Structure formats: structure tokens, C-alpha cells
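*Asks:* Before we start, here is the structure in question, set down as C-alpha cells.
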Amino acid sequence: MIEVRIHGRGGQGAVTAAELIAEAAFFDKKFSQAFPSFGVERRGAPIEAYARISTEPILLHSEIYEPDFLIIQDPTLLKIKNTFRGIKKDSAILVNTEKDNIIISLLPKNIRVKTIPATQIALDILGKPIINTVMLGAFAGAFGLINPLSLKEAIEKRFSKDIATVNIKAMDIAYRYFNKSVA
């Protein structure tokens with residue numbers, strides 16, 4: 001089983017991102033689940049969302065304590081120690097940032113780290129700093145855990161045609177940021 005923990009702030013689409021990961025895995029004929037964890041619901045507050053993917057039925061229904069992958073949608077969350085709880089030697093982290101060197105120095109050592117300027121991509125393509133589909137495209141390109149075609153299908157089913165079209169474009173750009181093949 002693969003476990004993904006997403007750290008974001010309210011309004012960035014972390015919960016939707018977890019759900020899209022689970023839906024994409026489902027389209028690939030895998031078992032999956034997604035669920036959020038947050039306190040006071042308000043824009044800008046730190047939140048977590050979780051996704052699990054497996055080739056076997058998933059019987060576990062707890063938050064993710066030892067993630068295989070972290071997706072950090074807001075680099076200010078790197079300064080919160082709780083963000084890295086349960087990190088393992090073979091965990092991988094994807095961070096939304098343009099400041100690679102500064103960010104990498106804040107992270108635990110010997111961890112695979114990938115960074116992408118997701119906010120800038122979202123602003124350029126979507127006109128808003130809603131980065132969930134950008135981060136998912138980057139996640140698919142950087143780590144190969146989810147199929148970009150299945151992710152496109154999940155986005156098309158989730159959003160209206162106009163919204164899906166621009167989000168798929170943003171996802172494709174982020175996917176190609178790490179994987180030069182066309183998604």
C-alpha cells in the first residue's frame with residue numbers, strides 16, 4: 001500500500017487533490033481512499049488530506065502516520081515540525097516553491113525532494129493560486145505513482161468542461177516539468 005499525505009492551506013485544494021489521486025487510482029483498477037483532516041474550516045488555515053493506493057482492498061481507516069509521499073502545497077508549512085512527523089528514509093517529498101536551495105535545507109536529510117513553482121504555473125494558466133491540479137501533475141511526473149491519463153479522466157469527471165480544460169492544461173505543464181513525454 002502507498003500512503004500520501006498532503007499538507008496545504010484552506011483554499012488550495014488539498015482535499016480535492018487527495019480525492020483526485022484516489023479517483024485516478026480507481027480508474028487504474030486499484031483500490032484507493034481519500035479523506036481530509038482539518039480543524040476550524042477557514043481559508044488559509046493549515047490542513048491535511050490523505051490518499052491511499054493499493055492493489056489489495058484497504059481495510060485501514062486512520063490518518064497517515066508514516067507517509068511514503070508528502071505533497072506540500074505551501075512552503076510556509078515547512079517550518080512547522082508537525083509536517084514531517086513519521087517521515088521514513090525512503091519517503092519522497094514534493095514541494096511547491098521556486099526557492100529550491102532554501103527549501104531543501106529545511107528538509108530532513110536523505111529524503112528524495114522535488115520542487116516545482118506550482119503557484120506561478122497556476123497563476124499563469126488558471127489565473128488563481130489554486131494549485132491542486134498543478135501539484136498532481138507534478139506528482140505524476142516526478143514519481144510515476146499515478147497515471148496522467150487517469151488523472152485527466154478524474155479531473156474531467158470532477159469539474160465542468162471549461163474548468164476541467166484549464167486544469168488539465170495546468171496539470172500537463174506540471175507533468176512535463178518532470179517527465180518530458182506528453183501526458
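The values are calculated or read from the model by the stated rules, or taken from the named source; none is laboratory data. No experiment lies behind these values; they were computed from the predicted model shown. Glycine also receives a Cβ, built like all others from the backbone with ideal geometry; neighbour counts cover every protein chain displayed.
*Asks:* Take the residues in segment 140-183 that are among the aliphatic types (A, V, I, L, M) and touching a Pro at 6+ places or on another chain (Cβ under 8 Å); name whichever of them is farthest from ALA92 (Cα to Cα).
*Replies:* ALA183
*Asks:* While we're on this one: Out of (1) outside any helix (DSSP H, G or I); (2) modelled with pLDDT of 95 or more; (3) polar (S, T, N, Q), what's the single condition that is false for SER150?
*Replies:* Condition (1) is where SER150 drops out.
*Asks:* Between ILE6, ILE2, which is touching a helix residue (DSSP H, G or I) at 6+ places or on another chain (Cβ under 8 Å), crowded, with 16+ Cβ neighbours inside 10 Å and in contact (Cβ under 8 Å) with a residue 40 or more places away in the chain?
*Replies:* It is ILE6.
*Asks:* Of the residues in segment 155-165, how many are in a helix (DSSP H, G or I) and either touching a Cys at 6+ places or on another chain (Cβ under 9 Å) or surrounded by fewer than 16 Cβ atoms within 10 Å (Cβ to Cβ) (or both)?
*Replies:* 7
*Asks:* Moving on to the next point. Out of all the residues in segment 42-84, which are under 22 Å from GLY10 (Cβ atoms), touching a Lys or Arg at 6+ places or on another chain (Cβ under 9 Å) and part of a loop (DSSP other than H, G, I, E, B)?
*Replies:* Result: ARG43, GLY44, ALA45, GLU63, ILE64, PRO67, GLN73, ASP74.
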